[in-house]
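Engineer: Below are the structure tokens for one structure; questions will follow.
The values are calculated or read from the model by the stated rules, or taken from the named source; none is laboratory data. Remember, predicted model here, so these are calculated numbers, not experimental data. Using ideal geometry, Cβ is built from the backbone for each residue, glycine included, and neighbour counts are taken over all protein chains shown. Areas reflect the complete protein model, heavy atoms only, side chains present, ligands, DNA and RNA absent. Shrake-Rupley method; radii C 1.70, N 1.55, O 1.52, S 1.80 Å.
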Amino acid sequence: MRIILIPRIITSLAALFLAVSTVGVASPTKAADDILIADFEQDSYDPWTLTGEAFGSGPAKGSLPGQMQVDGYRGKGLVNSFFQGDDSTGSLTSPEFRIERKFLAFLIGGGKNPEKLAMQLLVDGKPVRTATGPNDKAGGSEALEADSWDVSQYAGQWAVIRIIDEAKGGWGHINIDHIVQTDTKPKGSIKDAQRIVQATSRYLHIPVKNGSKKRILTLLVDGQTAVRNEIELADADPDWWATMDVSQWSGKTLTLQVDKLSDDSTALSKIELSDRLKDAAKLYQEPLRGQFHFSPQRGWNNDPNGMVFYNGEYHLFFQHNPYGWGWGNMHWGHAVSKDLVRWQELGDKLLPDGMGPMFSGSAVVDWNNTSGFGKEGKPPMVLIYTAAGNPTVQGIAYSTDGRNFTKYSGNPVLQQITGGNRDPKVIWHEPTQKWVMVLYVEWQGKHTIHFFTSPNLRDWTLASITDGIPGSAFLYECPDFFELAVDNDPAQKKWVLLGANTEYAIGTFDGANFKAEQTKLTGQRGRGFYAPQTFSDVPLADGRRIQMGWFQTETRGMSFNQSMTIPLELKLVSTADGPRLTYTPVKELESLRQTTHTFDAMDLKPGDRNVLEELSLELLELRMEIEPGDASQIVLNIRDAMVIYEPKMQELSVNGQRAAAPLRDGKLRLTIYCDRTGLEVFASDGLCYMPLPFNTNPENRRIFLETRGGTAKVQKLQVQELRSAWN
Ligand code: FRU
């Protein structure tokens, strides 16, 4: 720790020297240099006096075991009384020092308890100033924030700083760093800063600075909290503008309140009202916007939710943080499409409420109006979601127009089983004429899927738990459950139970119990693909099982983050090892084709000219059928992404990610989609699907095909230039 504590006599001399030396040199208005009291950068607290256990034997280097991420401290070390957890207690006292500047400034975080968790300034042995941390509820933040005391009234007096932790239990710790004496007025902060606006327009535009401190922005209408979100508000220039639709309070007086703001922050005053989306002209033109992968206009997305076909439209809801580039404030965003390819975003439909943020779930069309939510003969669409408060419960919401949604007044429809139970996927089970819900529940220390049944979507009864299925504990969050005909043979139907990482089990289901025949089968083989879901109620005549997953594309510097994969058709096909899932891009994607480049069949040998050299493409679909012959590698370089097939191993690698890709009738059939945000590669007639998010090189639009170590027969080769889906 670099602690500058100068004994009384020397300090006085130093002060004298400073006073003398500045005469005639510095301008009279220049503030004297800051005096560092402690920065806690050394391994020991010496010469501070330590008692108890809470502070460890020396400053912590960031977070301690079991603690949330601590940030906002300076340098590498800080005082962190979470040593041995929240229950340990102790104190830390500085040597005496003289008050020589107007302010004492420091960084403080941790629990809120002015009596038991405090940093105190003692003059004549008595506390004259006290500061405590900001947290007194579960959740919260381990970030340290700047705070200060005006100590001018004690100028010239001797004082000590004492840090105490006498608190046990949740938030029973305090974090302190960087204590200085200064004459420069430290930035102050305002608690519950407010601004009042009239809701004369549809949208509020909120300035966001990625990575800044999260503030709680509450919107009060008629004195009541209407919405409350954690937002990285921009105190000065924003990175982007988040949009809040306030049309439902049109004409009313809105109070915008921020829990804490620095006194020079312009965040509240910068909030704008307008009827148009800010920067609308730039939407979908952004350099890292996937051009045929769905992503939200603004903010973060993770899982797809509520996927359903209703009134001629595919509905895609999604885990959405409208107010941040990272995860948080879970809303259900909403988009619709007629062709699975061109999506129109319609705003957020499920907002966090008193039961918690809106976590993942599904949607069904209630054709027989079992729920009674239907109107004038119109079957309702019903959303089934997790409200992730404490307790975490399941709720439903309904709509008869696919645009306006009402949460059921009798929510929750399922009470908490164990904490964190979540992600209900509901299906209609025709033979038993009942709704079936599969729910992820951590139960008796194991990952399980609980099956419930219901006659009406409102009342649910536990039917079974997968605990008895050998190996089923791999089924984690976001389950999906559906029936598929093996090799399209209606006499050979199987049930598929799938988890968020796409591992799955195949078996039978009698309406209550799932019996697995094979468990822990591998789904997709790429990375950055998670929590997929399949569309409910795709018309029978079509009968396809269509899946989309969260495609974890990272879009730094953009006003949005993450996306969805292209829609995939799932099938069960028989293999020597039993039936397996296959993935193929849906045929609707063909509508993106703009220019087709078809190549003649050819033998390719090492050193041949690149047959694709004339192409220069950004968005593309490539289809190839090849007989590997004696080549040891077949190599495609697509805009710097390396797709390599090794016939001997029957393995495919995409940018180093490897997967089994068996030859089928001695042939390799490959389909590749390339967007700005990654590649999706399909091989072995869909047995191998490798999604791979990464940002393609905008400068490089070349494709290169070659063989290594021998000759291969290219039987079919076609490259399509694709258009954007956003126009
Ligand atoms: C999966 C998940 C779900 C949860 C949601 C919250 O990515 O953790 O289990 O419902 O995200 O956003």
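Engineer: For all pairs of alpha-carbon atoms in segment 355-441, what percent lies in each bin of width 10 Å, listed from the first bin to the last filled one?
Structural biologist: So the P(r) values, bin by bin, are 18, 48, 29, 5.
Engineer: With a ≥ b ≥ c taken as the square roots of the eigenvalues of the C-alpha gyration tensor of segment 653-727, please select rounded if a/c is under 1.5 and otherwise prolate if a/b is larger than b/c or oblate if it is not?
Structural biologist: prolate
Engineer: Let me ask something additional. Just need the relative contact order of segment 8-186 here, percent rounded to a whole number, with Cα pairs under 8 Å and 6+ apart.
Structural biologist: The normalised contact order for segment 8-186 reaches 31 percent.
Engineer: If you don't mind, another one. In whole percent, what relative contact order does segment 654-727 give with Cα contacts below 8 Å and a gap of six or more residues?
Structural biologist: 20
Engineer: For M649, what accessible surface area do you get with a 1.4 Å probe? Give it in Å², rounded to 10.
Structural biologist: Spelled out: M649, probe radius 1.4 Å, area about 110 Å².
Engineer: Out of the total accessible area of segment 444-519 (probe 1.4 Å, heavy atoms of protein only), what percent is carbon and sulfur?
Structural biologist: Summing carbon and sulfur atoms, their accessible area is 47 percent of the total for segment 444-519.
Engineer: Find, among the GluC sites (Glu not before Pro) in segment 553-611, those assigned to loop by DSSP (not H, G, I, E, B) with at most 16 other beta-carbon atoms within 10 angstrom.
Structural biologist: Counting only loop positions with at most 16 other Cβ atoms within 10 Å, the GluC sites (Glu not before Pro) in segment 553-611 are E554.
Engineer: Nothing charged except the Cβ atoms of Lys and Arg (+1) and of Asp and Glu (-1): what's the magnitude of the dipole of segment 256-396 about its Cα centre? Round to the nearest 20 debye.
Structural biologist: The calculated dipole for segment 256-396 is roughly 280 debye.
Engineer: On each of the three principal axes of the Cα atoms of segment 190-274, give max minus min coordinate, whole Å, ordered largest first.
Structural biologist: Result, largest extent first: 32, 24, 18 Å.
Engineer: Name the residues whose placed amide hydrogens come within less than 5 Å of the amide hydrogen of E503, ignoring near sequence neighbours (fewer than 5 apart) on the same chain.
Structural biologist: Placed amide hydrogens put G523 under 5 Å from E503.
Engineer: Once amide H atoms are placed 1.01 Å from N in the peptide plane, what residues at a sequence separation of 5 or more from G629, or on another chain, have their amide H within under 5 Å of its amide H?
Structural biologist: K713
Engineer: In Å, the Kirkwood hydrodynamic radius of segment 8-186 over pairs of distinct alpha carbons?
Structural biologist: 16.8
Engineer: In a solvent-free Debye calculation with one equal scatterer on each Cα, what is log10 I(q)/I(0) for segment 587-722 at q = 0.20 Å⁻¹, listed in the order of the q values?
Structural biologist: -1.27
Engineer: How much of the accessible area of segment 587-722, probe 1.4 Å, is carbon plus sulfur, in whole percent?
Structural biologist: Result for segment 587-722: 45 percent of the exposed heavy-atom area is carbon or sulfur.
Engineer: Could you work out the percent of alpha carbon pairs in segment 436-498 separated by over 19 Å, rounded to a whole number?
Structural biologist: 40
Engineer: Now for a separate question. For segment 511-516, in order, what is each residue's ³J(HN,Hα) by Karplus, 6.51 cos²θ - 1.76 cosθ + 1.60 with θ = phi - 60°, in whole Hz (x at glycine and Pro)?
Structural biologist: Result, ordered by residue: x, 9, 10, 9, 10, 7 Hz.
Engineer: Run down the lysines and flag those whose C-alpha is under 21 Å from the C-alpha of K270, throwing out any fewer than 8 positions away in its chain.
Structural biologist: K187, K191, K209, K213, K214, K252, K260, K278, K282
Engineer: Under the Karplus relation 6.51 cos²θ - 1.76 cosθ + 1.60, θ = phi - 60°, what is the ordered set of whole-Hz ³J(HN,Hα) values for segment 392-402, x standing for Gly and Pro?
Structural biologist: 9, 10, 10, x, 10, 9, 9, 7, 10, 10, x
Engineer: Further, regarding this structure: So what's the back-of-envelope 222 nm ellipticity for the chain, counting only DSSP H runs of four-plus at -39500 (n - 2.57) apiece and dividing by all residues, rounded to 500?
Structural biologist: Value at 222 nm, helices only, nearest 500: -1000 deg cm²/dmol.
Engineer: A further question on this structure: Applying the Karplus parametrisation 6.51 cos²θ - 1.76 cosθ + 1.60 with θ = phi - 60° to the phi angles of segment 679-690, what ³J(HN,Hα) value in whole Hz is obtained for each residue in order, glycine and proline being reported as x?
Structural biologist: 3J(HN,Hα) across segment 679-690, in whole Hz: 10, 10, 10, 10, 9, 6, 6, x, 5, 10, 10, 10.
Engineer: Of G172, P207, I190, which is farthest along the charge dipole of segment 152-208 in the positive direction, counting Lys and Arg as +1 and Asp and Glu as -1 at C-beta?
Structural biologist: Result: P207.
Engineer: Considering amide H positions built from the backbone, and no H for Pro or chain starts, which residues 5 or more places from I174, or on another chain, come under 5 Å of its amide H?
Structural biologist: Those qualifying (amide H under 5 Å, at least 5 residues apart or on another chain) are S81, F82, G111.
Engineer: Ok, one more. What are the extents of the Cα atoms of segment 560-638 along their three principal axes, in Å, largest first?
Structural biologist: So the three principal-axis extents are 42, 39, 25 Å.
Engineer: In nm², what is the average projected area of the convex hull enclosing the Cα atoms of segment 392-476?
Structural biologist: Averaging across all directions leaves 6.6 nm² for the Cα convex hull.
Engineer: Additional query: With +1 on each Lys and Arg Cβ and -1 on each Asp and Glu Cβ, and nothing else charged, work out how big the dipole of segment 61-122 is about its Cα centre, in Debye to the nearest 20.
Structural biologist: Charge dipole of segment 61-122: 300 debye, to the nearest 20.
Engineer: Return a whole-number percent for the relative contact order of segment 587-722, with Cα pairs under 8 Å and 6 or more residues apart as the contact set.
Structural biologist: 43
Engineer: Also, I was wondering about something else. So what is the diffusion coefficient of the chain in µm² per second by Stokes-Einstein at 10 °C and 1.306 mPa s, using a Kirkwood Rh over Cα pairs?
Structural biologist: The calculation lands on 54 µm²/s.
Engineer: On a 0 to 90° scale, report how tilted helix 8-22 is relative to the longest principal axis of the chain, with both axes built from alpha carbons and the result rounded to the nearest 10.
Structural biologist: Roughly 80 degrees between the two axes.
Engineer: Determine the share of segment 8-186's accessible area contributed by carbon and sulfur atoms, expressed in whole percent, with a 1.4 angstrom probe.
Structural biologist: In segment 8-186, the share of accessible area belonging to carbon and sulfur is 54 percent.
Engineer: Based on Cβ point charges of +1 for Lys and Arg and -1 for Asp and Glu, what charge dipole magnitude is obtained for the chain about its Cα centre, in debye rounded to the nearest 20?
Structural biologist: Roughly 620 debye for the chain.
Engineer: Taking 25 °C and 0.890 mPa s as the conditions, I'd like the Stokes-Einstein D for segment 269-406 in µm²/s, using the Kirkwood hydrodynamic radius from alpha carbon pairs.
Structural biologist: Translational D for this selection: 153 µm²/s.
Engineer: Could you give the accessible area per residue of the chain, probe 1.4 Å, as a whole number in Å²?
Structural biologist: 42
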